[in-house]
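This report refers to the structure that appears directly beneath it.
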Amino acid sequence: MNVTSIDSEKIVYLSIMFVLGIILPITLISIWKIKTKAKLLPFFVGAGTFLLFSTVLEGICNSFLFSGTTDFSKAIMANNALFVFLGALMAGLFEETGRFVAFKFFLKKHSDKKTAITYGIGHSGIEIVLILCYMSVVEIAMIFMINTGTIGDILPEGNEAALSSINQMVDSIMLLSPVTVLLAIVERLSTVVIHTGLSVLVFKAVREKRKLFLYPVAILIHTFIDVFAGLYSVGAISNIYIVELLVIVFAVILGIVAFKTYKKMPDNMSA
């Protein structure tokens, strides 16, 4: 790591992202609640399901696949195509399965179609908090350690995957600017559309037996969209703006499809 100090203005950008990470989910669910009078339980179930299936269960799985400490994991890490595909697939599989389980069991009595949107806001909202707030705190701490010369205390020895992750974090900090802050907000709003759209599809899959195929379709869509971020992480796509543009384009497409699907659904979707 060649960085010896980082400008304190980066802390300002990260602080802005932290605040917005709290404001965005609250604003989204408040507007939806005021406009539709929807019940809030699906919002909290969405947030909790994301934490369980994406953060905990997917995290456990990924610790085996991408740790870089076993021969199997090293083989995956050495193959960019396999690394990108498996990373995207795990995200799609765990998150969409979480949605399916939530609608099938935890929200079984919530047949109002507004449940799908409320859940989607909760699912994407907690992700906003984790990415913008949690990562901002981590990166601010990283800046302090670099500027005080204590970064060496956490540098791992012999764990190339962990060292690469730290280097990538430092690189992202160095790129922070008003433009990247705006880009992060746009990207998060795009994921709100994506998660809400996928929630509509999976909700329909659970409530209509003949539409069960929408569950694996949601997994494939999620996997496909996440591939772009994976390609950027391995350098196959070098321009982050291209990745964000692709995500926005597919968010718009999915949003339109989900909106039309939602409008055609009856208000009561009892299984």
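The values are calculated or read from the model by the stated rules, or taken from the named source; none is laboratory data. This is a predicted model, so every value here is computed, not measured. We place every Cβ from the backbone using ideal geometry, glycine too, and count neighbours over all the protein chains shown. Just the protein is used for accessible areas: all its heavy atoms, side chains included, with ligands, DNA and RNA removed. Shrake-Rupley method; radii C 1.70, N 1.55, O 1.52, S 1.80 Å.
In region 55-118, a dipole from Cβ-located charges (positive for Lys and Arg, negative for Asp and Glu) runs towards its positive end, and of 70, 118, 83 it is 118 whose Cα lies farthest in that direction. Principal-axis analysis of the Cα atoms of the chain puts helix 160-174 at an angle of about 90° to the longest axis. In this calculation the C-beta distance from residue 34 to residue 140 is compared with R0 = 45 Å, giving a FRET efficiency of 0.85.
Counting protein heavy atoms only, the chain has 70 percent of its accessible area on carbon and sulfur, 1.4 angstrom probe.
The listed residues 257, 217, once ranked by accessible area (1.4 Å probe) with the largest placed first, stand as 257, 217.
Legend: residues 100, 228, 213, sorted from most to least accessible area (1.4 Å probe; ligands, DNA and RNA excluded), read 213, 100, 228. Figure note: 112, 71 ranked by solvent-accessible area, largest first, 1.4 Å probe, ligands and nucleic acids not counted: 71, 112. Beyond 30 Å in Cα-Cα separation lie the following of the pairs 74/104; 10/33; 108/260; 10/37; 39/209; 35/204: 74/104; 10/33; 10/37.
Stretched out straight at 0.36 nm per residue, the stretch from residue 239 to residue 80 would grow longer than its current Cα-Cα span by 55.5 nm. Each stretch of four or more DSSP H residues adds -39500 (n - 2.57); spread over every residue of the chain, this sum gives -24000 deg cm²/dmol at 222 nm. Projecting the Cα positions of 100, 54, 15 onto the charge dipole of region 13-129 (unit charges on Cβ atoms of Lys, Arg, Asp and Glu, taken about the Cα centre) puts 100 furthest along the positive direction. In sequence order, region 118-131 has phi-based couplings of 4, 4, x, 5, x, 4, 6, x, 5, 5, 4, 4, 5, 6 Hz under the Karplus curve 6.51 cos²θ - 1.76 cosθ + 1.60, θ = phi - 60°, and Gly or Pro positions carry x. Placing pseudo-labels 7 Å out from each Cα toward the beta carbon at residue 224 and residue 131 gives an inter-label distance of 1.9 nm. Backbone geometry of region 46-53 corresponds, through the Karplus equation with coefficients 6.51, -1.76 and 1.60 at θ = phi - 60°, to 3J(HN,Hα) couplings of x, 5, x, 5, 4, 4, 6, 7 Hz, x marking Gly and Pro.
Annotation: amide H-H contacts under 5 Å for residue 112 (H modelled 1.01 Å from N, sequence separation of 5 or more, or interchain): 269.
Roughly speaking, what is the centre-to-centre gap between region 101-120 and region 41-60 when only Cα atoms are used, to the nearest Å? Distance between centres, Cα-based: 14 Å.
In summary, the aspartates and glutamates within cross-link reach of residue 264, defined as a Cα separation below 17 angstrom excluding same-chain residues under 8 places away, comprise 112, 208. One entry in (i) 0.93; (ii) 0.99; (iii) 0.95 is Rg/Rh (Cα atoms, Kirkwood Rh) calculated from the shown coordinates; its label is (ii).
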